[in-house]
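**Student:** Here you go, one structure.
The values are calculated or read from the model by the stated rules, or taken from the named source; none is laboratory data. Note that the structure is predicted; figures quoted are calculated from it, not measured. Neighbour counts run over all protein chains shown; Cβ positions are idealised from the backbone, glycine included. Each accessible area value is taken on the protein alone, full model and side chains, heavy atoms only, with ligands, DNA and RNA left out. Shrake-Rupley method; radii C 1.70, N 1.55, O 1.52, S 1.80 Å.
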Amino acid sequence: MAQNRQALKSRIRSTQATMKITSAMELMSNSKLQRQRSMMEKNREYSTTLLKTLHHILSESDQVENKYLLNNDSKTVLTIVFSSDLGLCGGYNVNMLRYASTLMKKEDPIIVIGSKGRSWLSSRGYNVVNEYIDSDAFDYVEASNMIDKALQQVLSKEIGKIQVVYTYFKNTVTFEPKLEVL
């Protein structure tokens, strides 16, 4: 009888310790989520304002001649796909990758940021042209170098346009796939 009570007390202590650890993990993940959401909303505001300004400048000026805005006869489309590196994020990657696969031709070049998207597209025979890029370590310098190379291909008429496919964050429950043509 004493052994059963001792075992029961031990299980209760073990369960309480697990609850404390789980609670601490939940606090940390909520903190990270709030920090990432704040950074994302600041970036979204900046990019929206920048895009509106650019559209306004281009629509108001007939004299602006930009070598990147000239018609390009190439039918090849470079697609840049953003995905995550880890699993357990439900439809985050799958919905975006299914959407992307309806927009892309298998022979067109694709640059993938994130391991999940890379493995998904490679296994289905798409033309992934870059080495593995970690989505957590992807920074401005890497993005700038990648876009510079892509723009050189546009100027040399190897590719006709550049498009970006990503998952748009609406709220913590809703993510929707988006396509932007640069």
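**Student:** Could you list all residues from the stretch 20-33 that are open to solvent by 70 Å² or more (accessible area, probe 1.4 Å) and modelled with pLDDT of 85 or more?
**Tutor:** K20, I21, T22, M25, E26, L27, M28
**Student:** Among (1) over 28 Å from Q36 (Cβ atoms); (2) free of Cβ contacts under 8 Å to residues at least 24 places away in the same chain; (3) among the basic types (K, R), there is one condition K105 misses while meeting the rest; what is its number?
**Tutor:** Going through the list (1) over 28 Å from Q36 (Cβ atoms); (2) free of Cβ contacts under 8 Å to residues at least 24 places away in the same chain; (3) among the basic types (K, R), K105 breaks only (2).
**Student:** Right, next: Identify, from the list K9, K42, the residue that is of a type in the set (D, E, K, R) and modelled with pLDDT of 85 or more.
**Tutor:** Result: K9 is the single residue among K9, K42 that is of a type in the set (D, E, K, R) and modelled with pLDDT of 85 or more.
**Student:** Right, next: Looking at the structure I just gave you, is E180 over 17 Å from S74 (Cα atoms), acidic (D, E) and either open to solvent by less than 60 Å² (accessible area, probe 1.4 Å) or modelled with pLDDT of 85 or more (or both)?
**Tutor:** For E180, the condition - over 17 Å from S74 (Cα atoms), acidic (D, E) and either open to solvent by less than 60 Å² (accessible area, probe 1.4 Å) or modelled with pLDDT of 85 or more (or both) - is not met.
**Student:** Considering K157, K161, which residue is surrounded by fewer than 17 Cβ atoms within 10 Å (Cβ to Cβ) and out of contact with any helix residue (DSSP H, G or I) (no Cβ under 9 Å at 6 or more places or on another chain)?
**Tutor:** Step by step, each of K157, K161 is checked, and only K157 is surrounded by fewer than 17 Cβ atoms within 10 Å (Cβ to Cβ) and out of contact with any helix residue (DSSP H, G or I) (no Cβ under 9 Å at 6 or more places or on another chain).
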